[in-house]
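All remarks here apply to the structure that follows.
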Amino acid sequence: MSKKRKLYLWRDTLVCSLTSVVVAILLLTFFVNIKFLDPFEKAIEDFRFTDIYTSQDFIEKKPTHKIIIVNIGNHDREDIAIAINKITQNKPKVIGLDIIFKERKDTITDAVLQQALQNNKNIVSAYIIEENDRISSDPYFKTNAVGFINLNQQDAVVRDFTGIKKSENQIDYAFPIKISEMAGLLNENTKEKLERVQKINYTANQNSFLTFDLDEIIFSDTIPAIENSIVLFGYLGVPIGNVNDIEDKHFTPLNPKFAGKSIPDMFGILIHANIIKMLMEDNFMFKVPKAMVYCIAFICCFICINFSLIMHKKKSTLYDFILKFYGLAISIVLVYFSFILFKWNIDIQIETVIILSLLGLEIVVLYEHSLNYLKKRWKWKSYLLK
């Protein structure tokens, strides 16, 4: 190939790549601004190819006995107080209460609960952050430490979490972060990470944790496993593990139905437990920044277009037939590549790369059809023209 032909090839590749970017931006703008396309936009945002990897048990769910979950079910405050006292006797490292006692009810029962909370200085209670307010327990049930239990739900699926929220007046710590801090799991470097949005590394489901029903705690004399462990009180369904009970239940990437989800798959307390486990093991996910994803997408699009132009020149009669298999092969390779990165705790939004690469192949077809016009109008010279 002559130098001039090579120059035309690279120029054609660049023109098609830039055109692909412009078309992609226009399509994105169209999706965002057209109201009736909102369901399609939401469906696209909600899906990640890595959900296939996480939902199909490719990730080994390693059990941990350092985090114990107690299902509060429909038990009243007196039962919860008795269970807290029983657990305190077994010397846990920290007790986390994913419960809000919003108001006082019965004088005697409330006094029993207050006493139980005061007897253990390593209890973290919960509150919810709203726009201009905070929903928390009555001051009568005050504990030494509190953490917010809001989950990041911009999408339907809970993928990320915010560990530390700073404002002008105060610093808010997430519920699992405050528990981890009290358990001595956080250092200064980790705290700096938690000021940014972090990807949740889901490495555990309900079977990965030692779980008890509140009655089991109440009627047990001693539970040796509790000693020096983190104990979380939260809701796990009635009866425990009821898949159809969706109170405080959320969609996560572990949902076995990664497309067309119908029933949420994980209780809020289990999501908090996954975050604590991630901090305990210092097993953070690296989320590839959007700017880097766009750069990778452009490079992949450029390479795909360049190869496509060469293939078009050599096999022009079979190009349309080969193009379909080429596009499929590119998609499979990129998805498999994202799985490998995910296994190494690197999360890349590969959908952007795939879409731009496949769009680039279609732009090559459009470019080829417009060459005769470009040649007549501007005397355009191209690698595809003889």
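Quick look at the numbers
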quantity: Estimated 222 nm signal from helices in the chain, with DSSP H stretches of n ≥ 4 weighted -39500 (n - 2.57), rounded to 500; calculated: -15500 deg cm²/dmol
quantity: Residue order for K91, K376, K257 - accessible surface, 1.4 angstrom probe, largest first; calculated: K376, K91, K257
quantity: Length gained when the stretch W344-T109 is fully extended (0.36 nm per residue, less Cα-Cα span); calculated: 79.6 nm
quantity: Beta bridge orientation in the chain: antiparallel %, DSSP, nearest 5; calculated: 30 percent
quantity: Stretchable slack from L7 to K191, in nm (0.36 nm times residue separation minus alpha-carbon distance); calculated: 61.1 nm
quantity: In degrees, nearest ten, helix 107-119 long axis to first principal axis of the chain (Cα); calculated: 70 degrees
quantity: Amide H contacts under 5 Å for R48, placed H, 5+ residues apart; calculated: none
quantity: By accessible area with a 1.4 Å probe, ligands and nucleic acids excluded, highest first: order of D320, D213, D221; calculated: D221, D320, D213
quantity: Residues N283 and S167, FRET efficiency given R0 of 30 Å [Cβ-Cβ distance, rounded to 0.05]; calculated: 0.55
quantity: Where labels lie 7 Å past Cα in the beta-carbon direction, separation of N207 and N119 in nm; calculated: 3.6 nm
quantity: Virtual spin-label span in nm between K324 and M292, 7 Å along Cα→Cβ; calculated: 3.8 nm
quantity: Cα radius of gyration and Dmax for the chain (Å); calculated: 27.4, 93
quantity: Förster radius 22 Å - calculated FRET efficiency between D138 and E247 (Cβ-Cβ, nearest 0.05); calculated: 0.50
quantity: Surface share of carbon and sulfur [accessible, 1.4 angstrom probe, percent] for the chain; calculated: 59 percent
quantity: The chain: angle of helix 268-280 to the longest principal axis, Cα-based, in degrees nearest 10; calculated: 80 degrees
quantity: Amide H contacts under 5 Å for F101, placed H, 5+ residues apart; calculated: S137, D138
quantity: Sequence of D138, D110 when ordered by accessible area, the most exposed leading, probe 1.4 angstrom; calculated: D138, D110
quantity: Rounded FRET efficiency, nearest 0.05, which uses the C-beta distance separating F30 from Y336 and R0 of 35 Å; calculated: 0.70
quantity: Inter-probe distance in nm under a simple model that places probes 7 Å from Cα toward Cβ, at Q89 and Y373; calculated: 8.4 nm
quantity: Gap separating the Cα centres of region 127-175 and region 329-381, nearest whole Å; calculated: 42 Å
quantity: Net length gained if the chain between T352 and K313 were fully extended (0.36 nm per residue, minus Cα distance); calculated: 11.3 nm
quantity: Gaussian network model of the chain, springs between alpha carbon atoms under 10 Å - residue of A83, A291, A183 with greatest fluctuation; calculated: A291
quantity: Loop chymotrypsin sites (Phe, Trp or Tyr not before Pro), region 146-219 (other Cβ atoms within 10 Å of the site Cβ: 10 or fewer; DSSP); calculated: F219
quantity: Cα long-axis angle, helix 3-33 against the chain (0 to 90 degrees, to the nearest 10); calculated: 40 degrees
quantity: Surrounding net charge for G96, when Lys and Arg each add one and Asp and Glu each subtract one, Cβ distance under 15 Å; calculated: +2
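The values are calculated or read from the model by the stated rules, or taken from the named source; none is laboratory data. None of these values were measured; they are calculated from a predicted model. All Cβ positions, even for glycine, are placed from backbone atoms using ideal geometry, and neighbour counts span all protein chains on display. All accessible areas refer to the heavy atoms of the entire protein, side chains included, with ligands and DNA or RNA removed. Shrake-Rupley method; radii C 1.70, N 1.55, O 1.52, S 1.80 Å.
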